[in-house]
1. Name the single residue that is nearest to W84 (Cα to Cα) among those in region 14-24 being in contact with a helix residue (DSSP H, G or I) (Cβ under 8 Å, 6 or more places away or on another chain) and either among the aliphatic types (A, V, I, L, M) or loosely packed, with under 11 Cβ neighbours inside 10 Å (or both).
2. Going by the conditions given, is K214 surrounded by fewer than 16 Cβ atoms within 10 Å (Cβ to Cβ) and basic (K, R)?
3. A184 versus (1) closer than 18 Å to V89 by Cα; (2) of a type in the set (G, A, S); (3) part of a helix (DSSP H, G or I); (4) in contact (Cβ under 8 Å) with a residue 40 or more places away in the chain: which is the lone unmet condition?
4. Are any of the residues in region 202-217 among the small types (G, A, S), outside any helix (DSSP H, G or I) and out of contact with any strand residue (DSSP E or B) (no Cβ under 9 Å at 6 or more places or on another chain)?
Amino acid sequence: MQKAIDAHFHIWRQKDQPWLVGPMVPRIFGPYEPIRRDYPIEEFLEDQRDSGVEKAVYVQTNWAKEDFEKEVAFLQKTSDETGWPHAIVGYTDMTVEDIRPQIDRLMKYKLLRGVRMQLHWHETPAFRFAASADQVIDPKVRANVARLKDYGLSFDLQLFPAQMKDGLTLVGENPETNFILTHAGMLTGMEPETTEAWKAGLRTLAAAPNFYAKLSGLG
């Protein structure tokens, strides 16, 4: 069996997830009643048993913003106890004046490798997450992303194809930072117009040597 690294997985306690506790709302991934419960590391390990996955990277799951450190601490403790995960991508609010106080709090956790703030915006309300389509090039976001190189952290870039030109601006002005495109560019359907825009967006970002596309979320 071919060995693999799961580059994007989640576990959670429902009580820590405001979006899993509050009322259900339209989301890009559709109805989510089945996941409104705890999903512990033990269940994840059982689910991927015999899959060939030998290591895994945890990616933040939208805890309350003020609990960004608690999330990373929970995953570090989980790894200390079970050996999984092997790396952590935490959350930081890239819209603040200076992200460094947040990152300084996270750097004490040895498995931290990068951060993600979801910047995807779509004309379909159920698909959008960011405050605006161009938040990816907001001056505060750009300034804070530029600070990641001082910590050796990557940035998980979550965009839709229409935002990828702006994404290339962000990637291009930070050559010392690795950018990982979350969910391979968020393909939302198989209509020719949608797939062609997606392919064009990927070609745009592929021009940057510090850009990587993550094969995840291809549902």
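1. Checking each candidate, the answer is K15.
2. Criteria not met by K214.
3. Here A184 meets the rest and fails (4).
4. Scanning region 202-217 turns up at least one residue that is among the small types (G, A, S), outside any helix (DSSP H, G or I) and out of contact with any strand residue (DSSP E or B) (no Cβ under 9 Å at 6 or more places or on another chain).
Read-outs throughout are calculated quantities, based only on the coordinates presented, and are distinct from any laboratory measurement. Given the structure is predicted, the values throughout are model-derived calculations rather than measurements. Glycine gets a Cβ as well: all are built from the backbone with ideal geometry, and neighbour counts include every protein chain shown.
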